[in-house]
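What follows is a set of notes on a single structure, which appears directly below.
The values are calculated or read from the model by the stated rules, or taken from the named source; none is laboratory data. These figures come from a predicted structure and were not determined experimentally. All Cβ positions, glycine included, derive from the backbone under ideal geometry; neighbour counts span all protein chains shown. In case anyone asks, the SASA skips ligands and DNA or RNA and just uses the protein heavy atoms, side chains included. Shrake-Rupley method; radii C 1.70, N 1.55, O 1.52, S 1.80 Å.
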Amino acid sequence: MVQWTKAGVDKVLGLLDGPRGNSPPGAVAQVSHAPTGGELVRTALARLDCRPAGETVAQAQDRLASLSSVERERVLRAARVAEQRARDIRAALAKKAADESADKWTRE
Amino acid sequence: MNPETISEAERYPALSEHGRRMLAFLREHPNAPILRNESGHHLYPADVEQVRAFAQEVTSAWVSWRPDEMPGWMPAFVTRCCTEVPFYRNYGSPPARLADLPTISRADLSRDITKFVPDSVALDRLINFRTSGTTGHPLLLASHPVVAASYLAFHKRALRRHGIELRHGRGQVGVVLVGYQRKCFTYVSVTPTMDESGLAKVNLHPDDWRDADDRAKYLDALSPEVVTGDPISLRELAQLPTQFRPKAILSTSMALTPGMQHSLQARFGCPVLDLYSMNEAGPVAVFDADVGGHVLLQHRLYVEILGADGAPVRPGTRGEITLTGGFNFCLPLLRYRTGDHAALRFDGEDWILDRLEGRPPVMFRTMRNEFINNIEITHALQRLALPQYTLHQRLDGGLILRAVAGATEREAAVAALGALFGVGQRIEASSVPAFGDKVVQYTSEIPFPSV
């Protein structure tokens, strides 16, 4: 059972704030989008020197490391896909100026 | 795709024999202008059906939400944006109230337009509309030939308000778009949803004609049912000795003063409609003197009026026009602050924008005593690495250029302006570190001569 000290609460709040300057829109958003929120929960527990019930220290550390690398790879893959999509859109837009590609009845 | 390598079949899919004859008529008329570009509707038969179905929807739809109501389509639209559009996906789960969503501005679109294109949009037929604007931030907007063709549905809705139904079809010219700049795109085409009636975009500047007298002769020969343009080009048209009588004139791009509107109506003997329209959202509203304001046209474009603090204002209070929705499926808008201002009221039937301030005409006088508009200045400067600049002309004709630029770019800009305005043009130029988000790019103290 966790004893909620001020230091422990501050640690949790620090996790939720994320790194300054380049954080995504709140770790809360990540939790709401992640399929299980498992990585955030395990990271929070580890930072509080806790672990999920029924796991040894070694098991908890192994599972956190594995989940982090899977999640990291997922995030990197999604970022690569998004950047490729952005490049494709830019290329498509550069090719076709509307004046050559469509007829509106007015010019705005 | 290099424009020169696009075939006629790609420009005019399913072009019929009478469509081909119309193109030949427009191109080969003895008084035709120098047509510098090619366009084409790029609509396949399935696209034409989609455009027709949308036009039918617009005909029978109402801008139906009442005060203190959200349109019925709003929740699904917001959810789709927050799921499919990269920029809006960063918002997380959509809140219960629209007013709790952040707003976006022209600056957001100009920073990275790719973030606003939904994941589901196929890219093979994506096109771009380029807008320079008078409020800074040149903008590249994602669109599609179906979207461009769908503008006509709202033009017809606006015309219907003034008792006008369009009839021109096969063998007739449906519309002539008139421009008046040193350089602008000029081309001919046909409108497939109007039985391939003719469309011509012409530049009334004499440099684009073999003989300046050809302008009136060509337009009389075409006798278009509708003419569209901006107050500057329509003023030039009004000074030509044309005889044709269009059924209506549509004015866009800049604010149309009542004086200018009445002059054009008297000259051409037809209604002159002031359309509030933009590349980001298409035709938004049309002025109706009977209600004393601009009536909203789109049943899937929700309009809010926001104060300087970003909060919705009380009904009837003037503020910034902010848009959500739209028919451009390549650029769904979620609380887009337009930079234009008006008050909004509901009169029991229609939503009306009162005291609309859009983009006023900005004319500059050259050393040759000619008037040029801000778009020509944008063209003269666009090859330079100027992220942002403002240009002001004083009453004495002197120019003041302020630019986010180093000395080299600034001097290049001065040289380009000197070439455009002519020998002896006085130009004061200075570099600034940055401008605010809302900057008026072009201003002039020189009065613009009326019709």
*Skip the ligands, DNA and RNA, and give the accessible area per residue of the protein assembly as shown with a 1.4 Å probe, whole Å².*
46
*State log₁₀ I(q)/I(0) for the protein assembly as shown at q = 0.12 Å⁻¹ as given by the Debye formula over alpha-carbon point scatterers of equal weight, solvent excluded.*
-1.24
_Rg/Rh (Cα only; Kirkwood hydrodynamic radius) as it applies to the stretch B:363-444_ = 0.93
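Using a 1.4 Å probe over the heavy atoms of the protein chains, calculate the carbon and sulfur portion of the accessible area of the protein assembly as shown as a whole percent.
Working: 13860 of 25780 Å².
Of all accessible area on the protein assembly as shown, carbon and sulfur atoms account for 54 percent.
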*asked:* What whole-number distance in Å separates the alpha-carbon centres of the stretch B:145-197 and the stretch B:210-263?
replied: 14
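Which value does Rg/Rh take for the stretch B:33-93 over its C-alpha atoms, Rh per Kirkwood? Before the final figure, lay out the partial values.
Working: Rg = 18.6 Å, Rh = 15.7 Å.
Answer for the stretch B:33-93: 1.18.
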*Just flag the chymotrypsin sites (Phe, Trp or Tyr not before Pro) in the stretch B:159-218 sitting in loop per DSSP whose Cβ has no more than 11 other Cβ atoms within 10 Å.*
none
*Could you sort the residues of the stretch B:233-273 by number and keep only those whose accessible area is reduced by 10 Å² or more in the all-protein-chain setting relative to the chain alone, 1.4 Å probe?*
B:252, B:253
*Could you state the per residue volume, in Å³, of the convex hull enclosing the Cα atoms of the stretch B:253-314?*
134
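What is the ratio of the Cα radius of gyration of the stretch B:91-233 to 2.2 N^0.38 Å, where N is its residue count, to two decimals?
Details: Rg = 19.4 Å, N = 143, 2.2 N^0.38 = 14.5 Å.
My calculation over the Cα atoms of the stretch B:91-233 gives 1.34.
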*So what does the Cα-only Debye profile of the stretch B:252-367 read at q = 0.18 Å⁻¹, as log10 I(q)/I(0), no solvent term?*
-0.95
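Restricting to DSSP loop positions (anything but H, G, I, E, B) with no more than 16 other Cβ atoms inside 10 Å of their own Cβ, which trypsin sites (Lys or Arg not before Pro) remain in the stretch B:70-133?
On the way: sites: B:80, B:89, B:97, B:106, B:111, B:115, B:125, B:130; in loops: B:97, B:125.
Within the stretch B:70-133, the qualifying trypsin sites (Lys or Arg not before Pro) (loop, at most 16 other Cβ atoms within 10 Å) are B:97.
Just check the stretch B:225-283 against the gyration tensor rule for me: Cα atoms, a ≥ b ≥ c as the square roots of the eigenvalues, rounded for a/c under 1.5, and otherwise prolate or oblate depending on whether a/b exceeds b/c. Could you put the intermediate results ahead of the total?
Values: a/c = 1.94, a/b = 1.68, b/c = 1.16.
Prolate is the answer for the stretch B:225-283, as a/c is 1.5 or above and a/b outweighs b/c.
Give the relative contact order (percent, whole number) for chain B; include only Cα pairs under 8 Å separated by 6+ residues.
Details: 867 pairs, mean separation 67.1, N = 451.
Averaging sequence separation for qualifying contacts and normalising by length gives 15 percent for chain B.
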*Extent along principal axes [Cα atoms of chain B; Å; largest to smallest]*: 62, 57, 47
*Shape call for the stretch A:69-108 from the C-alpha gyration tensor, a ≥ b ≥ c root eigenvalues: rounded (a/c under 1.5), prolate (a/b greater than b/c) or oblate?*
prolate
*Which value in deg cm²/dmol, rounded to the nearest 500, describes the helix-derived mean residue ellipticity at 222 nm for chain B, given -39,500 (n - 2.57) per DSSP H run of n ≥ 4 and division by the residue count?*
-8000 deg cm²/dmol
*asked:* I need to check one value: relative contact order of the stretch B:144-276, counting alpha carbon pairs closer than 8 Å and at least 6 residues apart, in percent.
replied: 21
_Loss of accessible area when A meets B, both sides summed, Å² nearest 100, probe 1.4 Å_ = 3400
